[in-house]
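These notes are about the structure you will find just below.
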């Protein structure tokens, strides 16, 4: 039975979700340091198959909530307790839905559901949801119908082949075993941005942590700065690294369309005083296209700043498959920056 406080919070979240569906012009504040209400990705956009093996077989895991795929891939590795946080107050609803759906649906049906949102597919796993999550999604179906759900998932969709390629949990081989693990895993959802996160973690320590591409969001548009990079570096090293168990790994940040070659190129341009030529997030002007294609983006500059700070640490730059985001050299790949804690 939900408390009055829980009912009021749920009512607020339902109303905010309906507003997101009704008002397509709504733009969320990605730099909000409080809690916010935002739309969802239906699946992750990073190559987790390319770097999740760096975690080994973690028992305890900390991850951003996001689409829920980071959670499910940790379950695939064998995690028994997962703490999932997100700035987006609605993320826990999406993650709970993804976890419950994965416990029932086949990989093909899971992909189809999160691209079509057929109500009959929802009913096939809705009994696996906790009461408040079931009320949240059922209410949205009642108010809007499945045709409106796509407005909650407005971002570029990946093909089924790409989704399966970057998510190990979707492998047909071992999928039934993965579903059994889902029944036993403990998942805790935390409404928090990264810089308030520590206050919610108590004495918890972790064998693995992943922060996806949160760092990129913190440097969105013209917010790129050494100060931003330093604050994030200190968050990892002073707050998160002490919580990492021996032989554990932190995936510090995921970098799209990047490589050491791109890094060297951007550093050279910066050294030559060409920082004013950086292309920032947003609509491209005609005269910016060449710079964009050559990787002179604020996104890449933010990666350079962070890598310079972590160079003295026990880092590993894990090359992963280039997914369909980011732009620079044709031979650039995606890259996961991993930090290992050894005895």
- Query: Hey, what does the equivalent ellipsoid look like for region 53-173, semi-axes from the Cα gyration tensor as sqrt of 5 times each eigenvalue, largest first, whole Å?
  - Reply: 24, 17, 14
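Show me 113-123, 60-70 ranked by packing, highest mean number of other Cβ atoms within 10 Å first.
The most tightly packed comes first, giving 60-70, 113-123.
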- Message: Students often check this: by mean Cβ neighbours within 10 Å, which of 241-249, 39-47 ranks highest, and how do the rest follow?
- Response: 39-47, 241-249
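Provide the convex hull volume over Cα atoms per residue for region 265-343, in Å³.
107
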- Query: Once every DSSP H run of n ≥ 4 in the chain is given -39500 (n - 2.57) and the sum is divided by its residues, what mean residue ellipticity at 222 nm do you get, rounded to the nearest 500 deg cm²/dmol?
  - Reply: -11500 deg cm²/dmol
- Computed over the Cα atoms of region 189-306, the Rg and Dmax in Å are 16.5, 52
- Message: Antiparallel versus total DSSP beta bridges in the chain: what percent is that, nearest 5?
- Response: 40
- Using alpha-carbon pairs under 8 Å, 6+ residues apart, how would you state the relative contact order of region 1-132 in percent? 22
- Task: Post the alpha-carbon centroid distance, region 239-318 to region 49-87, in whole angstrom.
- Result: 24
- Task: Give me the orientation-averaged projected area of the Cα convex hull of region 51-99, in nm², one decimal.
- Result: 3.1
- Treating the angle as unsigned and between 0 and 90°, give the value, to the nearest 10°, between the Cα long axis of helix 107-116 and the longest Cα principal axis of the chain. 90
- Give the Rg/Rh ratio for region 105-177, taking Rg as the radius of gyration of the Cα atoms and Rh as the Kirkwood radius, to two decimals. 1.00
- Computed over all unlike Cα pairs, the Kirkwood hydrodynamic radius of region 138-213 in Å stands at 16.8
- Computed log₁₀ I(q)/I(0) - Debye formula, equal Cα scatterers, no solvent, the chain, q 0.08, 0.09, 0.12, 0.14 Å⁻¹: -0.38, -0.49, -0.89, -1.21
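Counting pairs of alpha carbon atoms under 8 Å apart in space and at least six apart in sequence, what relative contact order in percent does the chain give? All intermediate terms of the calculation are to be shown ahead of the outcome.
Numbers: 558 pairs, mean separation 71.4, N = 343.
Dividing the mean separation by the residue count of the chain yields 21 percent.
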- Dividing the convex hull volume of the alpha carbon atoms of region 205-256 by its residue count, what do you get in Å³ per residue? 70
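Each reported figure results from applying straightforward, stated rules to the coordinates on display, with no laboratory input. Treat the numbers as computed from the prediction; the structure is a model and nothing was measured. We place every Cβ from the backbone using ideal geometry, glycine too, and count neighbours over all the protein chains shown.
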